[in-house]
1. Scan the chain and hand back the longest stretch that contains none of the trypsin sites (Lys or Arg not before Pro) lying in DSSP loops with at most 16 other Cβ atoms within 10 Å.
2. Using a Gaussian network for the chain with springs between C-alpha atoms less than 10 Å apart, which of these wobbles most: ILE175, ILE116, ILE73?
3. Fully extended, how many nm does the chain gain between ALA176 and GLU202 (0.36 nm per residue separation, minus their Cα-Cα distance)?
4. Could you work out how far helix 183-195 tilts from the main Cα principal axis of the chain, as a 0 to 90 degree angle to the nearest 10?
5. In nanometres, what is the gap between the two model label sites at ILE124 and ASP185, each 7 Å from Cα along Cα-to-Cβ?
6. Mind checking the angle between helix 82-97 and the chain's longest principal axis? C-alpha axes, 0 to 90 degrees, to the nearest 10.
7. If each DSSP helix of 4+ residues adds -39,500 (n - 2.57) and the sum is divided by the residues in the chain, what number results at 222 nm, nearest 500 deg cm²/dmol?
8. With a 10 Å cut-off between alpha carbons and a GNM built on the chain, which of ALA82, ALA140, ALA69 moves the most?
Amino acid sequence: MATFGQATPSAFGHYRAAGTEYLYIDYENVQDVKVDLIKKTMKVMIIMGKNQTKVPIELVQKTQPFGNAVEWIRVNGKGRNALDFFIAFYLGKDVAADSGKTFIIYSKDTGYDPLINHLKKSGIKAKRIVSFQELGQNKAIKIDEAGVKKVKEILIKVAANKRPKKRSSLTGFIIALLKGTPKQDIDKIIEDLFIEKIVFEENGLIKYSLD
């Protein structure tokens, strides 16, 4: 594991995207950073919470060839959704300096959506993604349709107040449901549930859209 000290916010944003996109990763919310899908022309900011002092060394090593194009930032903030405000701040700085680009937030938390919608109404290209698959250019997203269908059918039968409320408990629920299924396949099904908007996250809690 690599250990991170406190970032200096004033130094952030000096490196501008060489291409057309900025990507802000809410590392408190999502840790599955797929470096092989990061474009060489993209500016990426992986923003971590105060208590996230360690990350897998393999991940750090994979980002090193990108140089300044991939930046790790650990912010000093406490409380639920504190990271949201820092990401909004950094995104705002980059929009002000480079408004013609596309701005992407990677997080499963819908709390960013009002900001995204406001940017769109202001003529700024912005979006939130829940999977690195959504970064693919002109590539169809591969969904485990059978797995998603089975999980959805079972969730419909579960009383709303009994459904998993955290991503960790949803993972446990699906592991119990699909006994013997490899963990990577379970993770893929959960990702697909988010992509299909069958589940979404709001203030750290899992919500469902099963109609």
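Every read-out reported here was derived from the displayed coordinates using simple, explicitly stated rules and does not represent laboratory data. All figures in this text were calculated on a predicted structure; none of them were measured in a lab. Backbone-built Cβ (ideal geometry, glycine too); neighbour counts: all protein chains shown.
1. Values: sites that count: ARG16, LYS34, LYS40, LYS50, LYS78, ARG80, LYS139, LYS142, LYS165, LYS166, LYS179, LYS197.
Longest stretch, sites excluded: 81-138.
2. Fluctuation is largest for ILE175.
3. 6.9 nm
4. Value to nearest ten degrees: 80.
5. Those two pseudo-labels are separated by 4.3 nm.
6. So the inclination is approximately 50 degrees.
7. Numbers: 6 runs with 69 residues, N = 211.
So the calculated ellipticity at 222 nm is -10000 deg cm²/dmol.
8. ALA140
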